[in-house]
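The values are calculated or read from the model by the stated rules, or taken from the named source; none is laboratory data. The structure displayed is predicted, hence computed values, not measured ones. A quick note on method: Cβ atoms are made from the backbone with ideal geometry, for glycine too, and the neighbour counts reach across all protein chains shown.
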Amino acid sequence: MTNLYQKSFSLPFYKAYMGFFILITLVFGVFMEMKQHLMIAEKILEKPNWFISYLGLFLGYSIVQFRFQARLLQRSKYWIFSKLAFLSFPSYSKKLFPVWLANHLFPLLYVILILYKGVLLGAWLHLSILVSFVSILSFSYLVLSYFEIKKFKQKSEFSSKRINRNRSFVFWFYFHLKEQRPLLLILSKLLSIFILNGFFYTYQSGSYDQRWLLFGLLIIAFLHFTLWLEKAEFSAQKLSIFNNLPLTFGFKLKKELGTTLLLSFPEILLIFYQGTGSFGLVNGFVLSILWLGLNLGIISLSSLRFHNSQFQLLPIWCFFGSFFAIIYGIPALAVASVPLIFYLFQLKSPFLK
């Protein structure tokens, strides 16, 4: 049931503000390093104005989220949730608290950073205020939303918006994620940028060689496995007619590569941004090729889910094969060429498409 509430109240929220969340992910994920986030967390704890501003931004975010949910409840397909008013407040809170957590992932990530930095600095007063503020905010959301459902009123809803269906094939899977799985898209990108920034931060400390970055790219590539499984399912179920058309290899490569580049762009941007100051643009280009090759290989593995009964073991073999290739110093371009060749062969084969 928790999954139902999150799909009903969290997914529409992220879909409605998808552009904002993508912008936040790019600015705070791509153009900022982990040490910069920790410096901001330190400034928030040291300067009262920064601390109060952060609490104000958190409050504003919560107000926007609550008002959006209140408007959702007036839609006809949400009238069924008026039955929640018959629950006791503790039962209602148990069902809706995960929704509040899901809708506040972005500000809560900074809460975790502030708590971490606050423990190191011994800023116990600020930490107690922050924890109390977040607790009061979550409790207020539960109380206000509970009363909002209790005073539920049905309203007619009319919309004059025109839906534009003239979208390039390259954007089809992106809009599928935006409309059906926005949390999968946002969380995979957010987690990917966060972990990749961590690998760059530790690499720049001088304790690791470039194999550490290759290993980081391998890790976050396999973190995208769920995303590419969704793409394979989307292609198999909703694009089956197009897959059976006699399309040329070049046409299929252009369209599929465009979709992959679109969804891999934040990481590629981060690699080149970091490369300008630490390991050079040439190595940045090599790492981008490796990143793209690993993702194309995983896309090929995901497609085999519908054709191979031993699919569960293939990702494990591929991960450890790539891992040992990186450990033993095989060049990044050679590592990238294996999944890339496999992807091109699969794309050409009429039996797998």
Legend entry - Among (1) over 15 Å from Glu46 (Cα atoms); (2) surrounded by fewer than 18 Cβ atoms within 10 Å (Cβ to Cβ), the one test that Ile129 misses: (1)
Inset, instruction - Scan segment 92-113 and give yes if some residue there is within 27 Å of Phe265 (Cβ to Cβ), β-branched (Val, Ile, Thr), out of contact with any Asp or Glu (no Cβ under 6 Å at 6 or more places or on another chain) and modelled with pLDDT under 85, otherwise no. - result: no
Legend entry - Of all residues in segment 203-228 being among the β-branched types (Val, Ile, Thr) and modelled with pLDDT of 85 or more, the one that is farthest from Leu187 (Cα to Cα): Ile219
Inset, instruction - Would you check if Gly321 is of a type outside the set (A, V, I, L, M), at pLDDT 85 or above and within 29 Å of Phe171 (Cβ to Cβ)? - result: no
Inset, instruction - Assess whether Ile44 counts as being touching a helix residue (DSSP H, G or I) at 6+ places or on another chain (Cβ under 7 Å) and part of a helix (DSSP H, G or I). - result: yes
Legend entry - Candidate set from segment 97-126 (those that are surrounded by 15 or more Cβ atoms within 10 Å (Cβ to Cβ) and of a type in the set (Val, Ile, Thr)); member that is farthest from the chain's Cα centre (by Cα): Ile114
Inset, instruction - Only one of these is in contact with a helix residue (DSSP H, G or I) (Cβ under 6 Å, 6 or more places away or on another chain) and modelled with pLDDT under 80: Phe158, Phe173, Phe200, Phe169. Name it. - result: Phe169
Inset, instruction - Return yes when Tyr61 is of a type outside the set (A, V, I, L, M, F, W, C), modelled with pLDDT of 80 or more and crowded, with 17+ Cβ neighbours inside 10 Å and no when it is not. - result: no
Legend entry - Residues of segment 100-126 satisfying the condition of being farther than 30 Å from Ser188 by Cβ and in a helix (DSSP H, G or I): Leu121, Trp124, Leu125, His126
Inset, instruction - Could you figure out which of (1) closer than 20 Å to Ser192 by Cα; (2) at pLDDT 80 or above isn't true of Gly275? - result: (2)
Inset, instruction - Within segment 59-101, track down each residue that is within 16 Å of Ser140 (Cα to Cα) and among the hydrophobic types (A, V, I, L, M, F, W, C). - result: Leu59, Ile63, Val64, Phe66, Phe68, Ala70, Phe89, Leu96, Phe97, Val99, Trp100, Leu101
Inset, instruction - Answer yes or no as to whether Val143 is over 30 Å from Glu256 (Cα atoms), modelled with pLDDT of 80 or more, surrounded by 16 or more Cβ atoms within 10 Å (Cβ to Cβ) and not aromatic (Phe, Trp, Tyr). - result: no
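Looking at segment 82-96, which of its residues are surrounded by 12 or more Cβ atoms within 10 Å (Cβ to Cβ) and more than 27 Å from Pro107 (Cα to Cα)? Before you say what the answer is, go through the steps one by one.
Taking segment 82-96 first, the residues surrounded by 12 or more Cβ atoms within 10 Å (Cβ to Cβ) are 82, 84-85, 87, 92-96.
Across segment 82-96, the qualifying residues are Ser82, Leu84, Ala85, Leu87.
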